[in-house]
1. As I understand it, the dipole of region 313-398 uses +1 on the Cβ of Lys and Arg and -1 on the Cβ of Asp and Glu, about the Cα centre. Which of Val349, Gln327, Tyr371 lies farthest toward its positive end?
2. Can you give me the distance in nm between label points at Arg103 and Leu269, each placed 7 Å from the Cα along the Cα-to-Cβ direction?
3. Calculated FRET efficiency, Gln26 and Asp339, Cβ-Cβ r, R0 35 Å, to nearest 0.05?
4. Give me the dipole magnitude in Debye, nearest 20, for the chain about the Cα centre, with unit charges on the beta carbon: positive for Lys and Arg, negative for Asp and Glu.
5. Ignoring ligands, DNA and RNA, please state the percent of accessible area on region 90-152 from carbon and sulfur, probe 1.4 Å.
6. Summing -39500 (n - 2.57) over the DSSP H runs of n ≥ 4 in the chain and dividing by its residue number, what mean residue ellipticity at 222 nm do you reach, to the nearest 500 deg cm²/dmol?
7. Quote to one decimal, in nm, the extra length available between Ser209 and Lys251 on full extension: 0.36 nm per residue of separation minus the C-alpha distance between them.
8. Gaussian network model of the chain, Cα springs within a sub-10 Å range: biggest mean-square fluctuation belongs to which of Ala326, Ala175, Ala228?
Amino acid sequence: MILFKNALLSDNSTWDILVNDGTIVQLDSKITSSADTTINCDGRLLLSGMIDSHVHFRDPGFPQKEDATSGTKAALRGGVTSIIDMPNTDPLCVGVAELEQKRNIYNEKSYTNYGFHFGADARDNSKILKDISNVASLKIFLNESTGHMLVTDDIVLDKLFANSLYIAVHAEGEAVDKAIYYAKKHKNILYLCHISQAEELQMIQMAKSQNLPIFAEVCPHHVLFNKAEETNLLIMKPRLRTSNDQNALLKALDSGLIDTWGTDHAPHLISEKEEKLTYGIPSIEFSLELLLTLSKEMNWSYDRVAKLYSANPRQIFKISKKGRIAQGYDADFVLIEQDTPYVIQESDVISQCGWTPYLGRKVSANIHSTYIGGEEVYNKEHKTFNKSKYTKELYYER
Ligand code: DOR
Ligand code: ZN
Ligand code: ZN
């Protein structure tokens with residue numbers, strides 16, 4: 001038994017939490033049970049571990065940029081206890097064998113809980129989708145990006161939407177409406193990755209007003225930078241947008257139109273980015289601290305943070321036993337020094353790519369430690385990472 005004492009939860013109440021065999025078994029204002037281990041949270045903020053529905057960890061394929069070990073350690077540094085990896089790895093995750101290969105890699109190497117988006121193959125892999133089990137979604141690229149996964153043929157698109165209930169899309173501008181059209185036609189649950197522009201928000205507003213099950217994600221970089229600041233290092237897809245778009249995203253986060261915060265953590269080496277047009281930036285070590293900082297500036301509650309980056313991903317993808325601090329849920333936590341600002345240094349970078357676009361940025365909160373199944377998996381002070389025996393593949397209750 002592990003007892004977390006004096007934890008400030010996202011609704012600003014203080015609780016003791018008892019964990020047995022990886023699971024939260026009791027929540028009370030005061031628990032005096034004789035636990036084997038007691039962790040005094042000391043009034044620090046304890047949130048359910050973050051769930052990042054959108055990462056590109058490059059395993060298999062490009063370990064010099066990131067692999068399942070370095071990527072998941074970077075995630076823990078950022079308070080993220082569950083990740084869902086995108087299919088543009090090498091080989092592309094568009095077949096049964098490739099998915100099995102990724103499962104084996106993560107089973108061996110992952111420091112966080114993990115799941116996968118399966119990939120749509122431009123040559124049409126809709127026939128095998130019935131053989132694919134326990135994936136978060138079928139990811140379809142409707143615009144060009146890293147990894148040659150663009151689907152252009154409308155007949156293929158129609159079949160892909162027809163054969164997978166959950167669809168995630170890389171769609172920019174008009175392509176958002178196209179995705180919504182197919183999702184409406186085939187009654188899909190649609191996850192719109194990295195929404196970046198005011199016009200896209202209008203399309204989402206329209207779709208939501210028709211009660212369609214359509215969900216939208218925003219990434220830190222589209223809120224925190226705009227295109228006037230673009231350098232070779234700050235190139236990603238979608239590209240940085242205008243300050244008007246930035247404001248529209250903030251408003252949409254504020255109003256609840258946006259459902260999730262996801263990093264689109266997409267590491268490349270600095271040398272690659274300096275040599276040629278290369279889409280993607282890393283960020284997972286800092287995404288929660290950046291969100292907490294934004295949240296403080298915008299006067300948002302901790303509940304909103306917990307929803308955007310944990311409870312909503314759980315609810316959208318129906319992830320079993322994650323994303324809530326409640327009896328019967330997995331004891332995945334992040335403990336936060338909510339009022340301890342610091343300036344992001346190079347030594348804070350964990351990602352294999354070795355750099356961050358957020359170098360020198362001041363954040364208002366500090367990840368103190370991260371837990372999976374109640375076991376400490378990251379501690380900032382001791383600079384330690386551990387594997388929890390409770391780390392596992394995510395399971396979707398559908
Ligand atoms: O900037 C991006 N990088 N956008 C994507 O859609 C893919 C990603 C990557 O994998 O590098
Ligand atoms: Zn994308
Ligand atoms: Zn992406």
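1. Gln327
2. That separation, rounded to one decimal, is 3.3 nm.
3. After rounding to 0.05, the efficiency reads 0.80.
4. 640 debye
5. Solvent-exposed carbon and sulfur of region 90-152 make up 49 percent of the total.
6. Value at 222 nm, helices only, nearest 500: -7500 deg cm²/dmol.
7. This chain segment gains 13.4 nm when fully extended.
8. Result: Ala228 has the largest fluctuation of those listed.
The values are calculated or read from the model by the stated rules, or taken from the named source; none is laboratory data. Keep in mind the model is a prediction, meaning the values are calculated, not measured. Every residue, glycine as well, gets a Cβ built from its backbone with ideal geometry; the counts of neighbours run over all protein chains shown. Accessible surface is based on the protein model in full, side chains and every heavy atom, while ligands, DNA and RNA are left aside. Shrake-Rupley method; radii C 1.70, N 1.55, O 1.52, S 1.80 Å.
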